[in-house]
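Okay, structure first, notes after.
Here, each number is a calculation from the coordinates, and none is a lab measurement. The structure displayed is predicted, hence computed values, not measured ones. Note: ideal-geometry Cβ built from the backbone for every residue, glycine included; neighbour counts use all protein chains shown.
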Amino acid sequence: MRLERTKTVFILGAGTSVHCRVPVMKDFLDEAYRLRRYTQVDLDREAFDLVFEAITVLNAVYAKSSLELRNVESVFAAFEMAALFGRLGELGADRIQRLVPALKKVIIETIEATQLFRVAPQVFQESTGTVLKKHIAPSVEYEAFADLIKDLAVAGHDVAVFTFNYDVGVDFALQQQPLSYASALEEDPENVRVELLKLHGSLNWAQCPQCKKVSIKPLRTVPPVAEMGEYSANLRPSRGIRDIHCPGNEREEPFIVPPTWSKSEHYSAISPVWRRAAQRLGEAENIFIIGYSLPDTDHFFRYLYALGTMGPSRVERLYVFNPDRTTDQRYQQLLGPIAKERYCLNPEDGRDANPGTFGSAIRFLDAEFSTATQ
């Protein structure tokens, strides 16, 4: 008789990458400005200059209206509307049409320039004897998360990891583990018990400009472009995209779903990922949401949760980990009466010095599952 495996879903938001210096959306433009103005980081400075020139023009709307110009989501929406209307102050039509691609470039390059990976020693055996070299490793927190995923898979869980983040922190950490994982964008290998579903795209995903196919460019131990210091490194997965999918076409570009309310046109290219996410939610017995604050503007996740959880499974745990306690009200409004009985915000509160953080969530879940299997 075959025993059913436990179905466990992790949902990761921007808070899970804060530990490795990736800015959250409300701080994103401040960090991008700092990189452009005060550092010598290799950037597409023309794109950065265009974006901040346009933001300066948008400041003029304060005379008659109010826009949240520190928030990259609001600025992205304003650029999309400017392209639709064909006007933004004295900017020419060609520059207005370049605003959205330029802001995408700013988002991608800001993440790559800020996210820190570890530089760790590694021993190699060569013909001349033992050699000590340095290699790029995941952050401590992402490595611990990948260890937890591996342990759950070995213990009899089918694990799905949903992430709204563009960065490759989770991907890179899972790649170091002795287990395979699948994505709904690709033909899944048989008997894979771990799935990574990146709901908003990724720095190492690329879209062919002609046929619109989205594909994953696999990360290697050391990606094509890396800036390495003594203790930390920045990776540039987007610069490793050199393929041309359709003959005679231009080079593919990184595929990310922009941070704006008008996302529908972008989701069609990765609809298999969202369908798989809804399926996994319907089967889930454990749901762990880490670093995702459930913003009021994210209607897509609300519908994903509502329609996805219509499945036959019985949820045993629904834990949310977030240091911002104001998220509790939003989750209370999202959940139905049965889910509320299984819901807990920061279940590790009182047992950890920093409840709600990514590291705290990993420590709590690792201890909880270790106790359950003893």
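Structure notes:
- For the residue pairs K105/K217; K7/K104; K150/K198; K104/K212, the alpha carbons lie more than 27 Å apart in K7/K104.
- Ellipticity at 222 nm from helices only: DSSP H runs of n ≥ 4 in the chain, each -39500 (n - 2.57), divided by the residue count, give -11500 deg cm²/dmol.
- Springs join every pair of Cα atoms under 10 Å in this Gaussian network model of the chain, and among P337, P237, P101 the largest mean-square fluctuation is at P337.
- For the peptides 286-296, 157-167, 89-99, the ranking by mean Cβ contacts within 10 Å, running from highest to lowest, is 157-167, 286-296, 89-99.
- Those aspartates and glutamates that a straight Cα-Cα span of less than 15 Å connects to K213, excepting residues fewer than 8 apart in one chain: E186, E187, D243, E250, E252, E253, E265
- DSSP bridge analysis restricted to the chain gives an antiparallel fraction near 45%, rounded to the nearest 5.
- Semi-axis lengths, largest first, of the ellipsoid equivalent to the chain are 34, 27, 21 Å, with √(5λ) applied to each eigenvalue of the Cα gyration tensor.
- Formal net charge of residues neighbouring E141 (Cβ-Cβ distance under 14 Å; K, R +1; D, E -1): -2
- In sequence order, calculated HN-Hα J values of segment 32-42 (Karplus, 6.51, -1.76, 1.60; Hz; x Gly/Pro): 4, 5, 4, 4, 5, 7, 10, 10, 9, 4, 5
- Range of Cα positions in segment 25-114 per principal axis (Å), largest first: 35, 25, 18
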